[in-house]
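Below you'll find the structure, written out as structure tokens, and then a few comments.
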Amino acid sequence: MATVTRDGRLDWIGLRPARREALIAVEGAHVSEHGLDGDHAAPGKRAVTLIQAEHLPVIAALCDGVVTPEALRRNLVVSRINLAALKGREVRVGKAVLRLSGPCAPCSRMEETLGRGGYSAVRHHGGWCAEVLAPGRVARGDTVTPT
């Protein structure tokens, strides 16, 4: 159960400058113990948030619409790897090392953003929270590898 079929890929990076402000998509960012530089996260088990690209169309189907990474307010969108299989494990994303600490529950804003039923659509598809074990730079296209 500790093996994965292949490495993943970092497809998208978003920074949340402040609570309730729009996300800013960037090509790369430095990850410190506080999370991504320019993001309003705090150090700890929720410093960085990740979601699988493969879950975006699932959420969209449940909402009967289009769902973008910005709408879900996660920092990193990754593809080609099952994040749920990595809970509690260390993962190298670019030059940074993260530990997936647990699921990232949807917030009440999902009803505002995605419409009626948005919260329920994101449940169990909302991604993962992670703590930073080793700072480093991340960029779109970087490899996501369990360590």
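The values are calculated or read from the model by the stated rules, or taken from the named source; none is laboratory data. Not measured: the values here are computed from a predicted model. Glycine gets a Cβ as well: all are built from the backbone with ideal geometry, and neighbour counts include every protein chain shown. Quick note on the areas: whole protein, heavy atoms, side chains included, nothing else; ligands and nucleic acids left out. Shrake-Rupley method; radii C 1.70, N 1.55, O 1.52, S 1.80 Å.
Spin-label point model (7 Å from Cα, Cβ direction): what's the ALA85 to ALA134 distance in nm?
Each label point is offset 7 Å from its Cα along the Cβ direction, giving 2.3 nm.
Over segment 66-147, what percent of the accessible surface lies on carbon and sulfur atoms, probe 1.4 Å? Walk me through the numbers before you get to the answer.
Values: 1810 of 3770 Å².
The computed percentage sits at 48.
If I take R0 = 25 Å and measure r between the Cβ atoms of ALA53 and HIS124 in this structure, what FRET efficiency does the formula 1/(1 + (r/R0)^6) give, to the nearest 0.05?
Approximately 0.95, to the nearest 0.05.
For every other residue with a beta carbon closer than 15 angstrom to the beta carbon of PRO43, add +1 if it is Lys or Arg and -1 if Asp or Glu, then tell me the sum.
Taking every Cβ under 15 Å from that of PRO43, the sum is -1.
Percent relative contact order of the chain, based on C-alpha pairs within less than 8 angstrom and at least six residues apart?
Details: 360 pairs, mean separation 50.4, N = 147.
After rounding, I find 34 percent.
Can you give me the accessible area per residue for segment 1-100, using a 1.4 Å probe, in Å²?
Here the per-residue accessible area is 50 Å².
Report which label in [x] 1.56; [y] 1.21; [z] 0.96 holds the value of Cα Rg over 2.2 N^0.38 Å derived from the coordinates of this structure.
[z]
Which one, LEU86, VAL67, ALA41, projects farthest toward the positive side of the charge dipole computed for segment 17-88 from Cβ point charges (K/R +1, D/E -1)?
Farthest along the dipole direction, towards plus: LEU86.
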